[in-house]
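The values are calculated or read from the model by the stated rules, or taken from the named source; none is laboratory data. In this text, all values refer to a predicted model and were calculated from it rather than measured experimentally. So basically every Cβ, Gly included, is an ideal-geometry build from the backbone, and we count neighbours across all protein chains shown.
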Amino acid sequence: MRSLFFAALAAAFFTLTVSAQPRPIEQPPSVIPANAPTSYEARYEGGVFGASSKETGTLKFDDANERIVFYGKDGKRELFAIPYGNLNTLFPDTKVSASTTGKVISHVPLPGAGLAGLMNKSTKYVNMTFDDPEMNTTGTASFKFDDKEMLRTFIIRLGVTAKMKQRGDAYYRVKNTSPY
């Protein structure tokens, strides 16, 4: 009886562990919205070598030179640029945290004030991983957007313009793994 139990357990284990990897769902290619702007207000959060300070500015598409450019507050000073061909991945991210107001009110010694700590705010980011051929390294630039729809439009426009492949809300560059 005991050996029959172990045999059934082993069969169930192998049945559950040996399975094929599911194929990703094929999606129709994204289309750049007709009203998509060429520049987007964003806050640079870090990730590019040589640009260490966080700064609010503008991301602009420079299609003539095939790159995305980040300009400072004045809109004239170019802080850095990332060529479309160097982009590896492009994906949205959201961070949820308690708002400053909620944190302050939750510490007030009143009944029920602790519930104010549940007041959350959602912050929307776009993360770009890219190759830097001059330094033979990769980087991850992060930009904070105020509007979710602008973030979505920016990701679609950059992904399509840079000729990247879409997977869900993200875009990635297919690497050539053939040795020939």
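Select from region 46-64 the residues that are without any contact (Cβ under 8 Å) to a residue 60 or more places away in the chain and either charged (D, E, K, R) or surrounded by 11 or more Cβ atoms within 10 Å (Cβ to Cβ) (or both) and list them in ascending order.
Answer for region 46-64, where residues must be without any contact (Cβ under 8 Å) to a residue 60 or more places away in the chain and either charged (D, E, K, R) or surrounded by 11 or more Cβ atoms within 10 Å (Cβ to Cβ) (or both): Ala51, Lys54, Glu55, Thr56, Gly57, Thr58, Lys60, Asp62.
Would you kindly identify the strands (runs of 3 or more DSSP E) lying entirely within region 6-92 that contain at least 1 residues that are small (Gly, Ala, Ser) and modelled with pLDDT under 85?
39-46
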